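Q: Quick one: the structure is below, and I'll ask about it shortly.
The values are calculated or read from the model by the stated rules, or taken from the named source; none is laboratory data. Predicted, not measured: the structure shown is a model, and the values here were computed from it. All Cβ positions, even for glycine, are placed from backbone atoms using ideal geometry, and neighbour counts span all protein chains on display.
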Amino acid sequence: MTATPTQDASAAHWIYRLPKRWQPYAQLSRLDRPVGYWLLALPGWMGLAFAGLTLGYDLSDLVWTLLILIGAIAMRGAGCTYNDIVDQDLDAKVARTALRPLPAGNVTTRQAWTWLFIQVGIGFCVWLCLPLFAKLVALGSIPLVAAYPFMKRITWWPQLWLGMTFNWAFLVAVAIKTGGVNIPALVFYGGLIFWTVGYDTIYAMQDVEDDALIGVKSTARRFGKKIITGVGMCYLCSVALVITAITLTILQANFGALLFFWPFLACVLVGYPMHLRWQIKTLSRSGDQRALDMFKSNFWAALALFLGLVIIGYVFHGNIFEDFGGILS
């Protein structure tokens, strides 16, 4: 049966040119909404870049970057498939999700489980490539993923759980490069959690009325009329924690470097907070009419933060300090 695009996906996407029997499986994996796997992969890339602040970069980082992307696509697809299996009865009652493959009858539950395990198998192959400690860290995501679909039934803060789940790749990537996870990395991870709570609250703005009718909880419903303020506070906490983590890392490496580089850091990192501020300003004018666009735009916020980390790491481990010292002498 031909898959019908959901409300938040484009009918022009390439998956709708696949053979008809393949389209529902691509929908289960949300391949027609690529922003999801980018929001899973980019924190992993940030983890490599963050670790590079102290260790620098080499060609192996490119290999890990590719493997993280493959793992993100596979495991995001597996997670979405699992979520759809658990939520198929609820999805049938919400206009935005009623056309998903399971409630629409385009695949059976058994077929969805089969597709889930195929994707998990791809993720497992990536997991086998990880160093031992990173393997152990990666396993910590399993209970988070398994419990997430049920959070919206028991807490007003399912977005907080999603934040812990979706940004776990950051900790895995730090473990890949450093063999451990230190306090600055945990602080940065906390910043990413607040970022996710913010952007997924924006996403949930689309479903507030339907969620209220069927009893699904979310931060969008919890914040109510103060939703813009709530998202703004989440974004403010994210920026504060990210900057704190970077500052702690450079302080540990070289106090003098931090004093010298503060103006440079401020310029390089400004894209991330400015993008988040733009989202808040846009939402304050248009509300949930632009919610989906603002949610998708977080790809650019994440990319700005990732590139900022790469630039800082590259400069910090280049010859700039020797050159600067030579000029002074």
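Q: Looking at the stretch 267-292, which of the residues that are of a type in the set (A, V, I, L, M, F, W, C) and touching a residue at least 24 places away in the same chain (Cβ under 8 Å) is farthest from Val197 (Cα to Cα)?
A: Val268
Q: Another question, then. I need the full set of residues from the stretch 313-329 which are surrounded by 12 or more Cβ atoms within 10 Å (Cβ to Cβ), of a type in the set (A, V, I, L, M) and either in contact with a helix residue (DSSP H, G or I) (Cβ under 6 Å, 6 or more places away or on another chain) or at pLDDT below 75 (or both), in order please.
A: Ile320
Q: Does Trp127 satisfy the condition of being touching a residue at least 40 places away in the same chain (Cβ under 8 Å), assigned to a helix (DSSP H, G or I) and within 22 Å of the chain's Cα centre (by Cα)?
A: When the stated conditions are applied, Trp127 passes them.
Q: Picking from Thr81, Thr65, which residue would you name as being at pLDDT 90 or above, surrounded by fewer than 23 Cβ atoms within 10 Å (Cβ to Cβ) and not in a loop (DSSP other than H, G, I, E, B)?
A: None of the other options fit; the residue is Thr65.
Q: Being farther than 13 Å from Val231 by Cβ and small (Gly, Ala, Ser) is the filter here, so list the residues in the stretch 273-296 that pass it.
A: Answer for the stretch 273-296, where residues must be farther than 13 Å from Val231 by Cβ and small (Gly, Ala, Ser): just Ser286.
Condition check ((1) over 30 Å from Asp89 (Cβ atoms); (2) under 18 Å from the mean Cα position of the chain (by Cα); (3) at pLDDT 95 or above) across all residues:
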| position | (1), (2), (3) |
| --- | --- |
| Ile193 | no, yes, yes |
| Gly215 | no, no, no |
| Arg222 | no, no, no |
| Tyr235 | yes, yes, yes |
| Ser238 | yes, yes, yes |
| Val242 | yes, yes, yes |
| Thr247 | yes, no, no |
| Asn254 | yes, no, no |
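Q: Just one of (1) under 24 Å from Arg21 (Cβ atoms); (2) modelled with pLDDT of 85 or more; (3) in a helix (DSSP H, G or I) trips up Asn106, so point out which.
A: Answer for Asn106: the failing condition is (3).
Q: Could you list all residues from the stretch 146-159 that are crowded, with 19+ Cβ neighbours inside 10 Å and over 18 Å from Asp89 (Cα atoms)?
A: Correct list: Pro158, Gln159.
Q: Among the candidates Phe264, Phe295, which residue alone is buried (at least 18 other Cβ atoms within 10 Å of the Cβ), touching a residue at least 24 places away in the same chain (Cβ under 8 Å) and aromatic (Phe, Trp, Tyr)?
A: When all the criteria are applied, what remains is Phe295.
Q: To continue, here is another question. What number of residues in the stretch 213-243 are touching a residue at least 60 places away in the same chain (Cβ under 8 Å), of a type in the set (S, T, N, Q) and in a helix (DSSP H, G or I)?
A: 1
Q: Taking Asp200 and the conditions (1) assigned to a helix (DSSP H, G or I); (2) more than 20 Å from the chain's Cα centre (by Cα); (3) among the charged types (D, E, K, R), which numbered condition does it fall short on, given that it satisfies the others?
A: (2)
Q: Taking the stated definitions as given, is Ile243 closer than 16 Å to Phe295 by Cα and either β-branched (Val, Ile, Thr) or touching a strand residue (DSSP E or B) at 6+ places or on another chain (Cβ under 7 Å) (or both)?
A: no
Q: Name every residue in the stretch 84-103 that is at pLDDT 90 or above and either in contact with a Pro (Cβ under 7 Å, 6 or more places away or on another chain) or not in a helix (DSSP H, G or I) (or both), in order of residue number.
A: Listed by number, the list is empty, since nothing qualifies.
Q: Are there any pairs with C-beta distances below 8 angstrom linking a residue in the stretch 26-41 that is under 20 Å from Asp61 (Cβ atoms) to a residue that is surrounded by fewer than 20 Cβ atoms within 10 Å (Cβ to Cβ), with the two at least 6 apart or on different chains, and if so which?
A: Going by the 8 Å Cβ cut-off, the qualifying pairs are Tyr37/Leu69; Trp38/Phe299; Ala41/Leu69.
Q: While we're here: Check whether at least one residue in the stretch 204-216 is out of contact with any strand residue (DSSP E or B) (no Cβ under 9 Å at 6 or more places or on another chain), under 17 Å from Asn167 (Cβ atoms) and either surrounded by 20 or more Cβ atoms within 10 Å (Cβ to Cβ) or of a type in the set (S, T, N, Q) (or both), and report yes or no.
A: No, that holds for no residue.
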